[in-house]
Amino acid sequence: MIDMRELQKHLGIIPKAVKPSSEVEPTKPQNQTPLQITDPSDIVFISIDIEAYEHAHHKITEIGISTFDTRSLTNSSKTPITPGPNACDWLPLIQHRHIRIKEHLKLVNKRYIKGCPEKFDFGTSDIQNLHKASNIVQRILQTGSLDPDMLPSTASRQVVILSHGLSNDIKFLTQIGLPPTSPLLVNAKKADTQVLCRSSKRFTISLAKLLTVLGIEYKNLHNAGNDAAFTAQALLIMAVVEAETPDEVRRRVRVLSGSQEPSAEERKKLKWEKIERKRKRREERLAMRAEAEKNEGDVAGEVAGLKDW
């Protein structure tokens, strides 16, 4: 799983040498100079969101895919394109695709979430049977292109599979026919916006809240195409915001959620306390084992003494 520093390196972003947002005094604004950009990695970020029917999770209803190719970050004069405030100059470079599964067109989520498969806001949805959709997804993961049929069968790119809550979408990818051992999954880098915004298993954040934190206007979530698109946008904006002010996204998440997520120093303390508890339990087990062996030896000695008597 790539972290924020690796993400920024792939995008060619050079973070500013500034203090974390938690250490900045309100009266002293951060450095306002534009971000420095260098050559990005030759890589394609592939944001994936897969929707399944709420009453039968094995029935896949939608697949949303958005791609961001770092080759698009260099203009005709070979000069890197700067992201602009909140990555505003990069967001239009994201490409989108939304596939609805022909066999399950009538299955729409209503009880637990409000599905809206017909409201794709980033283009036109296309309808494919599940087998064809699976082949399309695999070719996209291989080529990094949303129109893989226009490329040779041997075309291949290094990709980053992106999602908000990646484990769920990886599971759905295996359900549509992509084995867990497939090189398309094994060799790909992975990114999860839940992880990148510093949320953990204890402090998770929904996509809607993350978009709010980042100032992204949204609608019609739980459409797979829209979710994939907004996740790709969130990735780029987080990379830029964190380069401007380290830990700013985490601070915003903490403020919005009202959670008491521990600071870096508190997390370090909690980690050492956990290690200390494990050490004490290990010592207690060893002491109990030594005491049991001593008692067994004493009993054996008494038995031997009785036999001699």
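Computed packing ranks the peptides 234-243, 216-225 as 234-243, 216-225, most packed first, by mean other Cβ atoms within 10 Å. Summary value for region 4-257: 28 percent relative contact order, contacts being C-alpha pairs under 8 angstrom separated by 6+ residues. A simple spin-label model places pseudo-atoms 7 Å from Cα toward Cβ; at A17 and S41 they are separated by 2.5 nm. Charges were assigned to the Cβ only: +1 to each Lys and Arg, -1 to each Asp and Glu. The resulting dipole of the chain about its Cα centre is roughly 360 debye. Of all the options E51, E283, E296, the one that moves most in a Gaussian network model of the chain with Cα springs shorter than 10 angstrom is E296. Can you figure out the FRET efficiency of A208 with T154, using R₀ = 41 Å and their beta-carbon distance, to the nearest 0.05? Computed FRET efficiency for A208 and T154 comes out at 0.50. Secondary-structure-derived ellipticity at 222 nm for the chain, considering helices only, amounts to -13000 deg cm²/dmol, per-run term -39500 (n - 2.57) for DSSP H runs with n ≥ 4.
Of K78, K189, K114, the residue with the greatest mean-square motion in the GNM of the chain, using alpha carbon springs below 10 Å, is K78.
Across region 55-66, computed HN-Hα scalar couplings (Karplus, 6.51 cos²θ - 1.76 cosθ + 1.60, θ = phi - 60°) run 9, 7, 5, 7, 9, 7, 10, 8, 9, x, 9, 10 Hz from first to last residue, x flagging Gly and Pro. Comparing N75, N109, N168 in a Gaussian network model of the chain where C-alpha atoms under 10 Å apart are linked, the largest mean-square fluctuation is found at N75.
Screening the chain for whole DSSP H helices with an alpha carbon extent of at least 18 angstrom along the helix axis and a mean Kyte-Doolittle hydropathy of at least 0.0 yields 224-244. With all pairs of different C-alpha atoms in the average, the Kirkwood value for the hydrodynamic radius of region 97-174 is 14.3 Å. Each peptide among 2-11, 84-93 gets the average number of other Cβ atoms lying within 10 Å of its residues, and from highest to lowest they stand as 2-11, 84-93. Taking amide H atoms as placed 1.01 Å from N in the peptide plane, the amide H of T74 lies under 5 Å from those of I81, each 5 or more residues away in sequence or on another chain.
No lab work stands behind these numbers, since they all come straight from the coordinates. All values reported here derive from a predicted model rather than from experimental measurement. Ideal geometry is used to build each Cβ from the backbone, glycine not excepted, and the neighbour counts take in all protein chains shown.
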